[in-house]
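**Student:** Take this structure first; my questions come after.
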Amino acid sequence: MPELSFGFSPCPNDTFAFHALAHGLVDAPFTVRPELHDIEQLNQRARAGEFDLTKLSFGALAQLDGQYVPLRSGAALGRGVGPLVVARTELSLEEAAAGPIAIPGRDTTAFLLLGLAAGAAPGEVVELRYDEILGAVERGDVAAGLIIHESRFTFRDHGLVQVADMGAWWEAETGMPLPLATICARRDLDPELRDAAELAIRASVAHAFAHPEASADYVRAHAQEMSADVCRQHIELYVNDFSIDLGDEGFAAIDHLLGAARA
């Protein structure tokens, strides 16, 4: 059988959702070689077409000129899932965006949303790995931080306050769920393999829902120092019905966001 490289993040939502596929627990006419990297690393590697299948931020997908094709399954999309802007003291969104503000990468959907919500390109930005942002804000290295993933559950432990919720802004503006990231296939992948990959990813997510404890060791192994409670919240927030199939509502939200990005 052919082997497909599959890039996804070590975050609990991905290791939970794709555990079954990575470990051969669902039927597929191929095997996968998992490649686990931070989302911004995946975004950057996609520029060179490094992986057959990969998770991508919509901020990155908008810039790749059709090099990758979104699949119907495996996406991170929903309501109440947005990135947050945080600071040590109360600020307006415009003040926070003026910087210096720590961001998890210029290709992330979070950075795209920051510019859209603030109504202008952010000012002074400092690119950091997503899990280094809270510390940078807490120490005063930057005035504000744009946080993603599990940081939305832990920022108050660092004595920080919420400035803005990018997901709440998006939902108020559009009435749509917020697309964060999607699983894509490289456009030159054989169409039959691409369709098979979509079905296998759907089966993997369904397996995760049906057997939630099966992936527990895999999730913990990649969750670094994240508490079990934060892992659980992370999975419950980011893995949902849209992860099984985007459906018409999901694709409409994606089209709207990509259109805003290109504009």
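The values are calculated or read from the model by the stated rules, or taken from the named source; none is laboratory data. Fair warning: this is a prediction, and the values are worked out from it, not measured in the lab. Glycine also receives a Cβ, built like all others from the backbone with ideal geometry; neighbour counts cover every protein chain displayed.
**Student:** All but one of (1) more than 21 Å from ASN13 (Cβ to Cβ); (2) touching a strand residue (DSSP E or B) at 6+ places or on another chain (Cβ under 9 Å) hold for ILE148; state the number of the condition that does not hold.
**Tutor:** Every condition holds for ILE148 apart from (1).
**Student:** Let me ask another. Looking at the structure I just gave you, is ARG156 basic (Lys, Arg) and over 16 Å from LYS55 (Cβ atoms)?
**Tutor:** For ARG156, the condition - basic (Lys, Arg) and over 16 Å from LYS55 (Cβ atoms) - is met.
**Student:** From the list MET166, MET176, exactly one residue is hydrophobic (A, V, I, L, M, F, W, C), in contact with a Pro (Cβ under 7 Å, 6 or more places away or on another chain) and within 26 Å of ILE244 (Cα to Cα). Which is it?
**Tutor:** Matching residue, one of MET166, MET176: MET166.
**Student:** Something else about it: Which pairs have Cβ atoms under 7 Å, sit 6 or more apart or on different chains, and link a residue in region 65-80 that is farther than 19 Å from GLY167 by Cβ to one that is part of a loop (DSSP other than H, G, I, E, B)?
**Tutor:** From residues that are farther than 19 Å from GLY167 by Cβ, the pairs are GLY66/ARG187; GLN67/GLY49; GLN67/ARG187; TYR68/ARG187; VAL69/ARG187; ARG72/ASP245; ARG72/LEU246; SER73/ASP245.
**Student:** Only residues that are of a type in the set (A, V, I, L, M), touching a strand residue (DSSP E or B) at 6+ places or on another chain (Cβ under 8 Å) and in a loop (DSSP other than H, G, I, E, B): list them for region 43-71, please.
**Tutor:** LEU64, LEU71
**Student:** Hey, another quick one. Taking helices (runs of 4 or more DSSP H) that do not extend beyond region 170-248, which have at least 3 residues that are in the same structural domain as GLY115 (by TED's automatic domain parsing) and farther than 26 Å from GLN67 by Cβ?
**Tutor:** The helices (runs of 4 or more DSSP H) meeting that bar number zero.
**Student:** Would you check which residues across region 214-238 are under 19 Å from the mean Cα position of the chain (by Cα) and among the acidic types (Asp, Glu) and list them?
**Tutor:** Hit for region 214-238 is GLU236, nothing else.
**Student:** Please identify the pairs in which a residue from region 13-42 that is in a strand (DSSP E or B) has its Cβ atom under 9 Å from the Cβ atom of a residue that is among the polar types (S, T, N, Q), counting only partners at least 6 apart or on another chain.
**Tutor:** VAL32/SER5; ARG33/SER5; PRO34/SER5; GLU35/SER5; GLU35/THR54; LEU36/SER9; LEU36/THR15
**Student:** Mind checking which residues of region 148-185 are of a type in the set (Asp, Glu) and surrounded by fewer than 16 Cβ atoms within 10 Å (Cβ to Cβ)?
**Tutor:** ASP157, GLU173
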